[in-house]
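Taken together, the values in this text are just the output of simple stated rules run on the coordinates, not laboratory data. This is a predicted model, so every value here is computed, not measured. Cβ placement follows ideal geometry from the backbone for every residue including glycine, while neighbour counts extend to all protein chains displayed.
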Amino acid sequence: MIYDLAHINVNCTDIQRSIAFYEKFGFQVIHVIAENTTELDPSRNVMEGAAGYEGSHCYGVIMSLGDHPHCWTKLELLQYTQPATEPEPQRTAFQVGYCRMAIRCRDIHGEVERLKAEGVEFETEVQTSETVGKLSYCFARDPDGTIVELLELHR
């Protein structure tokens, strides 16, 4: 029986930079993808045959939004060393496939101001829509260009 989404994988060109970015949104590292250590050390924490691809090597972390042990909002950040993760041309919101992740919040205006003060650059101002109930949203990009939507549902 299929019952939920375990995590979303985001490949990074600089994992430390990506960790710092997602921490600003409230994510916390809960697991280092490595054997016998809890420290992220690229010289030791190499996962061989990553994602089932023979000859590939990577290291990474699992991040959780919220500290509840059963919280299922998880990101898997990976940086491949073999073959090296390559930067991708900037994606648009109109390309096929995975487009963006939406992170829910309360007080979107306050969160945007806080995030801007922490160096997050937003591509849009907060917009409000009533297409799927009343909601407000805006968009930023992570260090490698993945679109991150900040979303507030109004009740």
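Observations, loosely collected:
- In this label model, Q127 and Q82 are separated by 4.5 nm, measuring between points 7 Å along each Cα→Cβ vector.
- Residues whose placed amide H lies under 5 Å from that of I103, excluding near-sequence neighbours: E149, L150, L151
- Dipole of region 100-153 computed with +1 at Lys/Arg Cβ and -1 at Asp/Glu Cβ about the Cα centre; of L153, L115, F139, farthest Cα towards the positive end is L153.
- Sequence-ordered 3J(HN,Hα) estimates for region 10-22 from the Karplus curve with 6.51, -1.76 and 1.60 and θ = phi - 60° stand at 10, 7, 10, 8, 8, 5, 4, 5, 5, 4, 4, 5, 5 Hz, glycine and proline given as x.
- Here region 100-153 is assigned +1 on the Cβ of each Lys and Arg and -1 on the Cβ of each Asp and Glu. Its dipole about the Cα centre then comes out at about 180 debye.
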